[in-house]
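**Student:** Input: one structure, supplied below.
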Amino acid sequence: MKPLTGRRGGSSPKTQRRWSPTAVLLRVLPAAALVALALAGPWITPHAVDEPVTAPFAEAGGGALLGGDQLGRDVLSRVLAGGRELVLSALLIAAVVTAAAAVIGAIGALRPTVGRVVERAADVLILLPAVLGIMLVALSWPGGGRLAVAAAAIVLGLPYAVRLVTHAAAPVAASGYVEAATAGGERLWFLVVRDVLPNLRATLLALLGLRFVEAVYVVSMAGFLQVGPQPPAADWALMIRENSPGILLNPWAVLAPSIAVGLLALSVNLAAAALVPQTGRKAVTLL
Amino acid sequence: MDLTRRQLLWAGAALTAATVLTACGSGGDAEPNGSADDTSAKPRKGGTLRVGALGRASAVTRDPHGTQSNESDYLILSLVHDALTVPGAKPNTAPRLAASWEPSADLKTWKFKLAKGAKFHDGSPVTAKDVVFSLKRLRATPAGASRLPGIQAKNITAQGTDTVVLVSDYANAELPLLTRLTTFVVPDGTSDEDIAKAPGTGPFKLDWFRGGNARLVRNDSWHGGTVYLDAIEVKIFESPQAMANALLAGQIDLASNAGAIAARTAKTRKDIQTVRRPNDMAMPIVMRTADGPFADTKVREALRLAVDREAMVKQVLSGYGTVANDILGTGDPAYAKSITQRTRDLAKARQLLKEAGFDTSRTYELMTTEDISGLAESATLFATQVREAGVKVKVVKQESAVFWDKTWLKGDLYTSYWGTNDSVVFFASKTMVSDSGQNEAGWQDTAFDTAYEKAIGTSDDARRTQLLREMQQIEYDSSGYLLWGMADGVDLAAAKVRGLPTLPGYGRVQLETAWLTS
């Protein structure tokens, strides 16, 4: 049994805007470069990240291209080193949330009773502010560090994602071939993996991008509130907080990590939008 | 946690980011662009001084004998109420409500004679009875025993109307020094409910008070001398940054304890003067001596040799401080400058660690808090520095409450801070003699105890100096303290403010001498 047509024939070629491979590449490149730079950053720092090389909050110049931070450590080196864990935890959170939401959402669409329960639960959880959730997890799990933040972000990000997938999967679940497969006695797991999810590729990819951006924000916020990474770790969000008293002395100590977080979120969003298969746009617009 | 300590601390628990306490090398007086020490001009009466002080509205206290963890509270209380004595330059104890004092030959009985003409704000004269009531009330606070050490409540008595007699359990030549802190005097019989409204005897009267902000007006009949300002308005700030911004914008005239970063930020402004008060705060690293990995004296000496003091002062305090020599009490006239300054010696540190059989494969945790700014930074830099001597240290930042509860007095390795005093004996009595209530390092040394007892029990100056020198040598050699430097207190003020305090620690609240040019 091959799940196909139903969705595909739905949209007419005219309404679709196809990007050329070059355009897609141009949109993906910044994100890829930035993520690669963040991942490789710790190996290419000009100075050690924890040793003072200049005066505290020294202006840019001399040995330090972006000046010094609160202890006179090289801002450039710390910015280069400070993104890897943020990117990795955001990737992890985005992947887990998307995968879990895909499965739960598909089941919800196929089994209306389960679906209603899941949706109601999601509706309630969506109302919980992310900051509150993170503080709760961090306080009840002292020393959890990044793991605690990731766990909180996954739990808090899931409801919204589940709701989105359930809605996207509803028309698929109602389609003829799924009904036929159900009548043929296929098991739920088979329906989810073989029939429903492959039709949601576009939605899930878009979701992955969105969750990544969201995860970047949540992890940065946790870092800023100091419930995630601890000093002396180099971390963009932590840098923004630690160096804010000296913003007038060396603005780069705060600006550089802020720009890095912003650029990362922007570029990944752009890339995700470009990568979404055009054929699946309708599944998204249905929402 | 112990209330005394909190109260004695330079700044309260959650002033965290607050105190960007940092300090300068030589300081003391205003920097060149300042004019606070312009002595040519004659003090002028009049004007309102608007002062910014750090604090949190949630921690506000109106009780002069309570725990003052807010700068703003301490400032208001010490302008409204007088303590028996106040910090001075030389000697370091100056008279205030007590005009003079005299010990008995055995240094156990001290008679404080009250200042003539001292009156409460309501006009009633201050009598010995009021002082006895106030001191007993202070003694009855949770931290009373360390606020008035060695003096039981029953041994505080009045003699006539103007003399208060304190009888110490042991000979104590330093008793007047201890009365500098919070011996605020209120009228006899003031009930706890009325304490916030109780009249004081200080240079200013309370006009109004709203959640940490207050207006104080001049007390024209103050016994202590001429007060120039018409009024002082105190405004509470949660962060030094906000306070410094208010100063730059002209909303306040004085930012008390704004810190080095604020001072550096304001440097370009010609109309802002910077006042540096040297020896303001100690931020030692405490190594537990009673047990644990740092119990061996050689290990402690190795760590003292592994730290780069100059770099600490430069990086942590932005240079607004001075290098210290592991002896607390740097502002004491009896501070032993003759003891060799310890400098970095990594080879010797490694050798000592080896001799002591120190386990260098382990990672040791250094506990710290963000109570005052620079504290966590000092821990971070320390960890980086001792790594070069082969000691692996991981910095663990704790919530203020957890830190004072779980780590302070108990931890193997942690940061501490004292922003109150400048005397060797003060620190010895509080934190180093074997039975002291706040023995941060669990240090016990019989030779030190003996020298301390003799020092506070002798009135002969030369002998005392010698004994104090002996105490400091022992402290230098084997105590649990690694004191790498002293932070300056840094105040920022508008150009028109004159006569600002330059003394460290509690000296900073002595604003009665301030005046404004037109």
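**Student:** Give just the number: which of (1) without any contact (Cβ under 8 Å) to a residue 24 or more places away in the chain; (2) part of a loop (DSSP other than H, G, I, E, B); (3) more than 14 Å from chain B (Cβ to nearest Cβ); (4) among the β-branched types (Val, Ile, Thr) does A:Thr54 not satisfy?
**Tutor:** (3)
**Student:** Quick check: anything in the stretch B:108-118 open to solvent by 10 Å² or more (accessible area, probe 1.4 Å) and on the phi > 0 side of the Ramachandran plot?
**Tutor:** For the stretch B:108-118, residues open to solvent by 10 Å² or more (accessible area, probe 1.4 Å) and on the phi > 0 side of the Ramachandran plot: present.
**Student:** Still on this structure, please answer the following. Out of all the residues in the stretch A:78-99, is one or more within 14 Å of another protein chain (Cβ to nearest Cβ), of a type in the set (Lys, Arg), under 25 Å from B:Ala383 (Cβ atoms) and in contact with a His (Cβ under 8 Å, 6 or more places away or on another chain)?
**Tutor:** Going through the stretch A:78-99, the residues within 14 Å of another protein chain (Cβ to nearest Cβ) turn out to be A:78.
Narrowing further to those that are of a type in the set (Lys, Arg): A:78.
From the residues that got through so far, the ones that are under 25 Å from B:Ala383 (Cβ atoms) too are A:78.
From the residues that got through so far, the ones that are in contact with a His (Cβ under 8 Å, 6 or more places away or on another chain) too are none.
Looking through the stretch A:78-99, none of the residues is within 14 Å of another protein chain (Cβ to nearest Cβ), of a type in the set (Lys, Arg), under 25 Å from B:Ala383 (Cβ atoms) and in contact with a His (Cβ under 8 Å, 6 or more places away or on another chain).
**Student:** Name the single residue that is nearest to the other protein chains (Cβ to nearest Cβ) among those in the stretch A:57-71 being part of a strand (DSSP E or B) and out of contact with any His (no Cβ under 9 Å at 6 or more places or on another chain). If you could, list the steps in order and put the result at the bottom.
**Tutor:** Filtering the stretch A:57-71 down to residues part of a strand (DSSP E or B) leaves A:61, A:64, A:68.
Add one more test, that the residue is out of contact with any His (no Cβ under 9 Å at 6 or more places or on another chain), and what stays is A:61, A:68.
Values: A:Gly61: 16, A:Gly68: 9 Å.
Across the stretch A:57-71, the extreme among qualifying residues is A:Gly68.
**Student:** Looking at the stretch B:323-430, what helices (runs of 4 or more DSSP H) fall wholly within it and have at least 3 residues that are open to solvent by 60 Å² or more (accessible area, probe 1.4 Å) and either more than 14 Å from every other protein chain (Cβ to nearest Cβ) or among the charged types (D, E, K, R) (or both)? Before you say what the answer is, go through the steps one by one.
**Tutor:** Values: elements: B:346-355, B:375-387, B:424-427.
Where helices (runs of 4 or more DSSP H) fall fully within the stretch B:323-430 and carry at least 3 residues being open to solvent by 60 Å² or more (accessible area, probe 1.4 Å) and either more than 14 Å from every other protein chain (Cβ to nearest Cβ) or among the charged types (D, E, K, R) (or both), they are B:346-355.
**Student:** Give just the number: which of (1) within 13 Å of B:Met486 (Cβ to Cβ); (2) more than 14 Å from every other protein chain (Cβ to nearest Cβ); (3) open to solvent by less than 10 Å² (accessible area, probe 1.4 Å); (4) not β-branched (Val, Ile, Thr) does B:Met287 not satisfy?
**Tutor:** Of the numbered conditions (1) within 13 Å of B:Met486 (Cβ to Cβ); (2) more than 14 Å from every other protein chain (Cβ to nearest Cβ); (3) open to solvent by less than 10 Å² (accessible area, probe 1.4 Å); (4) not β-branched (Val, Ile, Thr), the odd one out for B:Met287 is (1).
**Student:** If you don't mind, there's one more thing I want to ask. Name the residue that is surrounded by the most Cβ atoms within 10 Å (Cβ to Cβ), counting only residues in the stretch A:247-272 that are within 14 Å of chain B (Cβ to nearest Cβ) and touching a residue at least 40 places away in the same chain (Cβ under 8 Å). Steps first, please.
**Tutor:** Let us first name the residues in the stretch A:247-272 that are within 14 Å of chain B (Cβ to nearest Cβ), namely A:247-251, A:253-254.
Next, only the ones that are touching a residue at least 40 places away in the same chain (Cβ under 8 Å) stay: A:249-250, A:253.
Values: A:Leu249: 21, A:Asn250: 26, A:Ala253: 29.
Only one residue fits best here, namely A:Ala253.
**Student:** If you don't mind, there's one more thing I want to ask. Restricting the search to the stretch A:173-222, which residues are over 18 Å from A:Ala152 (Cα atoms) and of a type in the set (Val, Ile, Thr)?
**Tutor:** Residues satisfying the conditions are A:Val178, A:Thr182, A:Val192, A:Val193, A:Val196, A:Thr203.
**Student:** Please go through (1) open to solvent by less than 10 Å² (accessible area, probe 1.4 Å); (2) more than 20 Å from A:Leu66 (Cβ to Cβ) for A:Arg211 and return the number of the only condition it doesn't satisfy.
**Tutor:** Unmet for A:Arg211, out of (1) open to solvent by less than 10 Å² (accessible area, probe 1.4 Å); (2) more than 20 Å from A:Leu66 (Cβ to Cβ): (1).
**Student:** Given the residues B:Gly200, B:Gly250, B:Gly224, B:Gly211, which is the only one that is touching a residue at least 60 places away in the same chain (Cβ under 8 Å) and touching a Lys or Arg at 6+ places or on another chain (Cβ under 9 Å)? Break it down into steps so the answer makes sense when it comes.
**Tutor:** Values: B:Gly200 fails: touching a Lys or Arg at 6+ places or on another chain (Cβ under 9 Å); B:Gly250 fails: touching a Lys or Arg at 6+ places or on another chain (Cβ under 9 Å); B:Gly211 fails: touching a Lys or Arg at 6+ places or on another chain (Cβ under 9 Å).
Answer to the check: B:Gly224.
**Student:** Another one. Look through the stretch B:251-283, keep the residues that are outside any strand (DSSP E or B) and among the polar types (S, T, N, Q), and return whichever of them is surrounded by the fewest Cβ atoms within 10 Å (Cβ to Cβ). Write out each step before concluding.
**Tutor:** Start the filter on the stretch B:251-283 by keeping residues that are outside any strand (DSSP E or B), which leaves B:251-253, B:256-271, B:283.
From what's left, among the polar types (S, T, N, Q): B:251, B:256-257, B:265, B:268.
Numbers: B:Gln251: 12, B:Ser256: 27, B:Asn257: 29, B:Thr265: 23, B:Thr268: 9.
Per the criteria, the residue is B:Thr268.
**Student:** Now, a different point. Which one of B:Leu482, B:Leu467, B:Leu511 is at pLDDT 95 or above and on the phi < 0 side of the Ramachandran plot? Before you say what the answer is, go through the steps one by one.
**Tutor:** Details: B:Leu467 fails: at pLDDT 95 or above; B:Leu511 fails: at pLDDT 95 or above.
Exactly one residue qualifies, and that residue is B:Leu482.
**Student:** B:Gly457 fails exactly one of the following numbered conditions: (1) open to solvent by 10 Å² or more (accessible area, probe 1.4 Å); (2) without any contact (Cβ under 8 Å) to a residue 40 or more places away in the chain. What is the number of that condition?
**Tutor:** (2)
**Student:** What is the number of the single condition among (1) within 26 Å of B:Val386 (Cβ to Cβ); (2) open to solvent by 60 Å² or more (accessible area, probe 1.4 Å); (3) within 14 Å of chain B (Cβ to nearest Cβ) that A:Asp74 does not meet?
**Tutor:** With respect to (1) within 26 Å of B:Val386 (Cβ to Cβ); (2) open to solvent by 60 Å² or more (accessible area, probe 1.4 Å); (3) within 14 Å of chain B (Cβ to nearest Cβ), A:Asp74 is out only on (2).
**Student:** Of the residues B:Ala214, B:Ala246, B:Ala231, B:Ala196, which is among the hydrophobic types (A, V, I, L, M, F, W, C), open to solvent by 30 Å² or more (accessible area, probe 1.4 Å) and more than 14 Å from chain A (Cβ to nearest Cβ)? Even if it seems obvious, please write down each step before you answer.
**Tutor:** Numbers: B:Ala214 fails: open to solvent by 30 Å² or more (accessible area, probe 1.4 Å); B:Ala246 fails: open to solvent by 30 Å² or more (accessible area, probe 1.4 Å); B:Ala231 fails: open to solvent by 30 Å² or more (accessible area, probe 1.4 Å).
On inspection, the qualifying residue turns out to be B:Ala196.
**Student:** I'm trying to understand the selection: among the residues of the stretch B:500-518, which are open to solvent by less than 20 Å² (accessible area, probe 1.4 Å), small (Gly, Ala, Ser) and over 20 Å from the mean Cα position of the chain (by Cα)?
**Tutor:** If the condition is that a residue be open to solvent by less than 20 Å² (accessible area, probe 1.4 Å), small (Gly, Ala, Ser) and over 20 Å from the mean Cα position of the chain (by Cα), then B:Ala514 is the only one that fits.
**Student:** Oh, and also: I need a count of the residues in the stretch B:178-193 that are surrounded by fewer than 22 Cβ atoms within 10 Å (Cβ to Cβ) and out of contact with any helix residue (DSSP H, G or I) (no Cβ under 8 Å at 6 or more places or on another chain).
**Tutor:** 3
**Student:** In the stretch A:30-51, which residue that is assigned to a loop (DSSP other than H, G, I, E, B) and open to solvent by 40 Å² or more (accessible area, probe 1.4 Å) is nearest to the other protein chains (Cβ to nearest Cβ)?
**Tutor:** Of all residues in the stretch A:30-51, those assigned to a loop (DSSP other than H, G, I, E, B) come to A:44-51.
Narrowing the set further to residues that are open to solvent by 40 Å² or more (accessible area, probe 1.4 Å) leaves A:44, A:46-49, A:51.
Values: A:Ile44: 21, A:Pro46: 17, A:His47: 12, A:Ala48: 9, A:Val49: 10, A:Glu51: 6 Å.
Checking each candidate, the answer is A:Glu51.
Residue-wise test of (1) touching a residue at least 12 places away in the same chain (Cβ under 8 Å); (2) in contact with a Leu (Cβ under 9 Å, 6 or more places away or on another chain).
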| residue | (1), (2) |
| --- | --- |
| A:Pro112 | no, no |
| A:Glu119 | yes, no |
| A:Gly133 | yes, yes |
| A:Ala138 | yes, yes |
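**Student:** Hey, another quick one. Given the options B:Ala83, B:Ala99, B:Ala41, B:Ala89, name the one that is in a strand (DSSP E or B), at pLDDT 50 or above and not polar (S, T, N, Q).
**Tutor:** Working: B:Ala83 fails: in a strand (DSSP E or B); B:Ala41 fails: in a strand (DSSP E or B); B:Ala89 fails: in a strand (DSSP E or B).
Step by step, each of B:Ala83, B:Ala99, B:Ala41, B:Ala89 is checked, and only B:Ala99 is in a strand (DSSP E or B), at pLDDT 50 or above and not polar (S, T, N, Q).
**Student:** Within the stretch A:220-246, which residues are open to solvent by less than 10 Å² (accessible area, probe 1.4 Å) and in contact with a Gly (Cβ under 8 Å, 6 or more places away or on another chain)?
**Tutor:** Residues of the stretch A:220-246 open to solvent by less than 10 Å² (accessible area, probe 1.4 Å): A:222-223, A:228, A:235, A:237-239, A:243, A:246.
Once the filter is applied, which keeps residues that are open to solvent by less than 10 Å² (accessible area, probe 1.4 Å) and in contact with a Gly (Cβ under 8 Å, 6 or more places away or on another chain), the stretch A:220-246 yields A:Ala222, A:Gly228, A:Asp235, A:Ala237, A:Leu238, A:Met239.
**Student:** Right, something else. Test each condition in (1) free of Cβ contacts under 8 Å to residues at least 60 places away in the same chain; (2) within 14 Å of chain B (Cβ to nearest Cβ); (3) outside any helix (DSSP H, G or I) for A:Gly185 and report the one that comes out false.
**Tutor:** Failed condition: (2).
**Student:** Let me ask something else. Restricting the search to the stretch B:234-243, which residues are open to solvent by 40 Å² or more (accessible area, probe 1.4 Å) and under 21 Å from the mean Cα position of the chain (by Cα)?
**Tutor:** Restricting attention to the stretch B:234-243, the residues satisfying the condition of being open to solvent by 40 Å² or more (accessible area, probe 1.4 Å) are B:235, B:238, B:241-242.
Selection gives B:Glu238 alone.
**Student:** Ok, one more. What pairs come up if the first residue lies in the stretch B:53-68 and is of a type in the set (Val, Ile, Thr), the second is assigned to a helix (DSSP H, G or I) and surrounded by fewer than 24 Cβ atoms within 10 Å (Cβ to Cβ), and their beta carbons are under 6 Å apart, counting only those six or more places apart or on different chains?
**Tutor:** These pairs meet every condition: B:Thr67/B:Leu3; B:Thr67/B:Arg6; B:Thr67/B:Gln7.
**Student:** Of all residues in the stretch B:141-177, which are under 22 Å from the mean Cα position of the chain (by Cα), open to solvent by 10 Å² or more (accessible area, probe 1.4 Å) and over 15 Å from B:Gly457 (Cα atoms)?
**Tutor:** B:Thr141, B:Pro142, B:Ala145, B:Ser146, B:Arg147
**Student:** Take the residues in the stretch B:292-319 that are part of a loop (DSSP other than H, G, I, E, B) and open to solvent by less than 10 Å² (accessible area, probe 1.4 Å); name whichever of them is farthest from the other protein chains (Cβ to nearest Cβ). Before the answer, list the steps.
**Tutor:** Within the stretch B:292-319, the first condition is being part of a loop (DSSP other than H, G, I, E, B), and the residues that meet it are B:292-296, B:307-308, B:317-319.
Checking which are open to solvent by less than 10 Å² (accessible area, probe 1.4 Å) leaves us with B:294, B:307, B:317.
Values: B:Phe294: 21, B:Val307: 14, B:Leu317: 9 Å.
Filtering first and then ranking leaves B:Phe294.
The values are calculated or read from the model by the stated rules, or taken from the named source; none is laboratory data. This one's a predicted model, so the numbers in the text were calculated from it and none came from an experiment. Cβ atoms come from the backbone with ideal geometry, glycine included; neighbour counts cover every protein chain shown. Accessible surface areas use protein heavy atoms only, side chains included; no ligands, DNA or RNA. Shrake-Rupley method; radii C 1.70, N 1.55, O 1.52, S 1.80 Å.
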